[in-house]
1. With (1) surrounded by fewer than 21 Cβ atoms within 10 Å (Cβ to Cβ); (2) within 25 Å of Asn143 (Cα to Cα) as the list, and Phe199 as the residue in question, which single condition is left unmet?
2. Hey, Ala256 hits all of (1) modelled with pLDDT under 90; (2) assigned to a strand (DSSP E or B); (3) more than 18 Å from Phe157 (Cα to Cα) but one; which does it fall short on?
3. Pairs, please: C-beta under 8 Å, at least 6 apart or cross-chain, first residue basic (Lys, Arg) and in the range 168-186, second at pLDDT 90 or above?
4. Is it the case that Arg111 is surrounded by 12 or more Cβ atoms within 10 Å (Cβ to Cβ), modelled with pLDDT under 75, of a type outside the set (Ser, Thr, Tyr) and in a helix (DSSP H, G or I)?
5. Please work out if Leu46 is under 30 Å from Met1 (Cβ atoms), aliphatic (A, V, I, L, M), in contact (Cβ under 8 Å) with a residue 40 or more places away in the chain and surrounded by 10 or more Cβ atoms within 10 Å (Cβ to Cβ).
6. Find the strands (runs of 3 or more DSSP E) located wholly in the range 146-227 whose residues include 2 or more that are among the aliphatic types (A, V, I, L, M) and in the same structural domain as Lys7 (by TED's automatic domain parsing), and list them.
7. Of all residues in the range 18-34, which are within 8 Å of the ligand (Cβ to nearest atom) and under 24 Å from the mean Cα position of the chain (by Cα)?
8. If you go through the range 191-212 one residue at a time, how many are under 21 Å from the mean Cα position of the chain (by Cα) and farther than 13 Å from Thr225 by Cα?
Amino acid sequence: MTCDDAKLLIHAYLDDELDAGDSASVARHMDDCTACKARFDAYATLRKALSQPELYHRAPDALRQHWTATTAVPATTRRARRPRMPLSVAAAAGFVAALLLSGPAWLHLLRSGHTGDALVAEVVSGHVRSLQQQHLMDVVSTNQHTVKPWFEGKLDFAPRVKDLADEGFPLVGGRLDAVEGHSVAVLVYKRRLHVINLFQWPVETGAVSPQTATQEHGYTVIRWTDASMQYVAISDVNESDLRQFALAFQNDGSAAAAR
Ligand SMILES: [Zn+2]
């Protein structure tokens, strides 16, 4: 297990949500890695601090009475009365409840603070999941004419599929995944022994945006949009290789030949 793997699993480990194998792997890694052990200790301290009773306050009686009165009325009239509760109070209460009740969500805020980008965090999770759970591919094929039809009927859009073997990135298969609550297509490519996952889904804006690269948890993530699709490529190959991959995929000349 690498430090990057440990970083991704450490929150679930802390919450006792891992299976026995992963849990043992994280524990073993922390035996040998002071950095990850220190990270774990910091999160454990944080979680303990959040569970301190002095963080919890009894709501003022007026608010409690108002709340009781509001929630006691029949459902049919509740909707009409609800706006009388100050929205700021409702929002603050909801936020505090979410903060205090869900440790993992709280920690997730911290975690995604690396880039402040939830989308990148989701793609990283999808990528790691695909590598760890032997769920890399639903359809295994080096033939784009097999991969493309496989998605038909599984998605409400037709993903763009290209083989890039000539450019050094052979297509090896595809699968379905989810990003921001949508089903997305993932094409799986190889670069020597490395895996490249290319996520894609339709966008409505039609605003073409150029490649942007970020580093997250040791992975390179490159995003771009064309007129109709958002693309996110992720891999542990170096950034220049992944840029080369993204350019090859965007290249219209070979796209026309590949279609
Ligand atoms: Zn480590």
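1. The failed condition is (1).
2. (2)
3. Partner pairs satisfying both residue conditions: Arg175/Val186; Arg175/Val188.
4. Taking the combined requirement at face value, the residue satisfies it.
5. On the way: under 30 Å from Met1 (Cβ atoms): yes; aliphatic (A, V, I, L, M): yes; in contact (Cβ under 8 Å) with a residue 40 or more places away in the chain: yes; surrounded by 10 or more Cβ atoms within 10 Å (Cβ to Cβ): yes.
In short, yes.
6. It comes to none.
7. Residue satisfying the conditions is His29 alone.
8. So the answer is 4.
The values are calculated or read from the model by the stated rules, or taken from the named source; none is laboratory data. Keep in mind it's a predicted model, so treat the numbers as computed, not measured. No Cβ is skipped: glycine too gets one built from the backbone with ideal geometry, and neighbour counts run over all protein chains shown.
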